[in-house]
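The values are calculated or read from the model by the stated rules, or taken from the named source; none is laboratory data. What you see is a predicted model, and the numbers here were worked out from it, not measured in a lab. Every residue, glycine as well, gets a Cβ built from its backbone with ideal geometry; the counts of neighbours run over all protein chains shown. Remember, those area values only see protein heavy atoms, side chains included, never the ligands or the DNA or RNA. Shrake-Rupley method; radii C 1.70, N 1.55, O 1.52, S 1.80 Å.
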Amino acid sequence: MNAKEHVKQVFEQVIKRNPNEPEFHQAVKEVLDSLVPVLERRPEYIEAGIVERIVEPERQIIFRVPWVDDNGKVHVNRGFRVQFNSAIGPYKGGLRFHPSVNLGIIKFLGFEQIFKNSLTGLPIGGGKGGSDFDPKGKSDAEIMRFCQSFMTELYRHIGPDIDVPAGDIGVGAREIGYLYGMYKKITGAYEAGVLTGKGLTYGGSLVRKEATGYGLVYFVEEMLNAKGLSFKDKVVVISGSGNVAIYAAEKAMQLGAKVVAMSDSNGYVYDKDGIKLDTIKQIKEVERKRISEYVKYHPNAEYHEGCKNIWNIKCDIALPCATQNEIDAEAANTLVKNGVIAVGEGANMPSTLEATEIFLNNKVLFAPAKAANAGGVATSALEMSQNSLRMSWTFEEVDQKLHNIMVNIYKNASKIAEEYGYKDNLVVGANIAGFIKVADAMLAQGIV
Ligand code: NDP
């Protein structure tokens, strides 16, 4: 069967078998469309059913998470862990706590994670998990009880050589601490390598907190450098004000850019003189409040209700770092009309398929999430290495390794794109580069 027909049939089967999961369909479509030229060159992948197998998770776990709030009321949330692919290493991927979480969202994230983890060059498979729990407005004690309840089921499915979760939206150092504490209590073992993103006093790695944001900017800088450009003196708009957004802003500023806008799920702030990042950190990391507070500290800045219009601000570089599908065709067209040079995806799948097409067709330098935001998971793998070695590397050592990994991912993706006749198309380059390593491992390991 020819490659195009094969991919079409597999995709039809994915839609039939996974109804009502539009985000998962979208993530699969983007990857499968890129694979046709690889399958034409490597028909053995078709014969071994690699594509049919790679779109089907190895295991999907769904569980009840009951917990009691501060007023004694009982709540029941749903927990998920999708163990997608373990061909090149133990499952690895974050946990997301957000009311929008459902099986389809976790599957899209887990599927993306397979290729992202492969691109890092490190031995980690793909997985993802989370819950429809909403951490907003919950007390510390409620967060702790929820995390403990979540772990009383999750613990039986994870382990340093089995599956190693980390953070994602709604799961930061505080939640990882509570999750790790409960894992340790249940198992009676100090297995630091079972979770990453841990605090520095109990097995965490320096630079893990900064890694996704820094890595994104290292990747985009490399992409700009290849065209004789850089972050220096560029106007940058960043959506989100969470872990990824804050450290992307920090590194972009260190490289001489001016970040003029950031957002949260309620709205965005525009500060034409440049966002003061210390204020954002205070509001978001310490006080856990809304970004609208920013204008109380800086009355010259503007706050706008609604987060989507952030893309109407004229900028040279756009870094979407909030959530999936936050840039649609309309936002992409506005960015292009306003002269955007580069778009770097910090969030997972922040651009719709149509928006991605618009960027590529208009020669915008486009850094896709799987490649550009892989710095977080790469540094998680470095945290696992340090846990195994029972050693801690310095900030500079980890940062240098992260930088090298991001440069290599860029080089690898752009070289493969060119080899397959898609020069400058890093979407295709990242998908193919990530796929080949996993596919070869699956081929070698037989039909399992
Ligand atoms: P955080 O929870 O730290 O921050 C998320 C930010 O995005 C917050 O500002 C949040 O606003 C905003 N946001 C979340 N959901 C929505 C929504 N539906 N609409 C608008 N804004 C929203 O998460 P992270 O920074 O860790 O993650 C951000 C993105 O980066 C996600 O796509 C994640 O999958 C991806 N990513 C994260 C990695 C990591 O290491 N943390 C690694 C690789 C990718 P509010 O405060 O109002 O909720």
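What the table shows:
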read-out	value
Fraction of antiparallel bridges per DSSP, segment 1-156 only, in percent to nearest 5	75 percent
Whether segment 238-371 is rounded, prolate or oblate, judged on the alpha carbon gyration tensor where a/c under 1.5 counts as rounded	prolate
Of all accessible heavy-atom area on the chain, the percent that carbon and sulfur account for (1.4 Å)	50 percent
Unit charges on C-beta of K, R, D, E only; dipole of segment 145-213, Debye	280 debye
Which of M262, M253 is most accessible, then next, and so on - probe 1.4 Å	M253, M262
For V10, net neighbour charge (Lys/Arg +1, Asp/Glu -1) across residues whose Cβ lies under 12 Å away	+1
Fraction in percent of alpha-carbon pairs per bin - 5 Å, segment 226-300	3, 17, 30, 25, 14, 6, 2, 2, 0
Percent RCO, i.e. relative contact order, over the chain, from Cα pairs under 8 Å lying at least 6 residues apart	15 percent
Value of D in µm² per second that Stokes-Einstein yields for segment 287-439, Kirkwood Rh from Cα pairs, at 10 °C (1.306 mPa s)	90 µm²/s
DSSP beta bridges in the chain [antiparallel fraction, %, rounded to 5]	55 percent
For the chain: accessible area per residue (Å², 1.4 Å)	40 Å²
With DNA, RNA and ligands ignored, accessible area of Y180 (1.4 Å probe; Å², nearest 10)	10 Å²
Radius 13 Å from Cβ of D69, net charge of other residues (Lys, Arg +1; Asp, Glu -1)	-1
Label point distance in nm, E357-D278, each placed 7 Å from Cα along Cα→Cβ	4.8 nm
Check: segment 130-248 dipole with +1 on Lys, Arg Cβ and -1 on Asp, Glu Cβ, in debye	240 debye
Label-zone membership for segment 149-176, site V76, 7 angstrom Cα→C-beta point, backbone N under 17 Å	149-150, 153
Within segment 196-353, percent of DSSP bridges classed antiparallel, to nearest 5	40 percent
Rounded, prolate or oblate (a/c below 1.5 giving rounded, otherwise prolate when a/b exceeds b/c) for segment 108-191 by Cα gyration tensor	oblate
Relative frequency of Cα-Cα separations exceeding 31 Å in the chain, percent	38 percent
For the chain, built as a Gaussian network whose Cα springs stay under 10 Å, the top-fluctuating residue of G93, G346, G172	G172
Spatial separation of Cα centroids for segment 300-345 and segment 31-90, in angstrom	30 Å
The chain, helix-only ellipticity at 222 nm - DSSP H runs n ≥ 4, -39,500 (n - 2.57), divided by all residues, nearest 500	-15000 deg cm²/dmol
Cα gyration tensor shape for segment 401-441, rounded if a/c is under 1.5, else prolate or oblate	oblate
Centre separation in Å (Cα based) which lies between segment 356-380 and segment 244-261	17 Å
Semi-axes of the equivalent ellipsoid for segment 199-239, Cα gyration tensor, largest first, Å	28, 12, 7
N325-Y297 FRET efficiency (beta carbon distance; Förster radius 30 Å; 0.05 resolution)	0.45
Isotropically averaged projected area of segment 22-67, using the convex hull of Cα atoms (one quarter of hull area), nm²	4.5 nm²
